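One structure is given below, encoded as structure tokens.
Bear in mind these aren't lab numbers, they're just calculated from the coordinates by the rules spelled out. Note that this is a predicted model, so its numbers are computed, not measured. Quick reminder, even Gly has a Cβ in these numbers, built from the backbone with ideal geometry, and neighbours come from all protein chains shown.
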Amino acid sequence: MKFVKILTAVAFAVALSASLALAADKKAPAGKQAGCCAKAAKDGKTCDHACCVEAAKGNKNCEKCKGTNEEKKAK
Ligand SMILES: [Zn+2]
Ligand SMILES: [Zn+2]
């Protein structure tokens, strides 16, 4: 009987961490997109500013165009 309890606890823990990881993934976009990039994204495009393209390569928002890359520290 004890074994079943442990198994249930492990299964619960795995399910919990899996759902937590999923929630963390959804929160991924941190910071604010630059105005020009947000505008381009609205039209289904990507901003063609050289600085923004460069920032996007690093998966970041362009800080030159007033985007931010700050993560909300809510851990
Ligand atoms: Zn831009
Ligand atoms: Zn830019």
Just to be sure, is Glu70 part of a loop (DSSP other than H, G, I, E, B), of a type in the set (D, E, K, R) and away from ligand 2 (no atom under 12 Å from the Cβ)? yes
Would you pick out the residues in the range 49-66 that are more than 12 Å from Lys39 (Cβ to Cβ), within 8 Å of ligand 1 (Cβ to nearest atom) and assigned to a loop (DSSP other than H, G, I, E, B)? Cys62
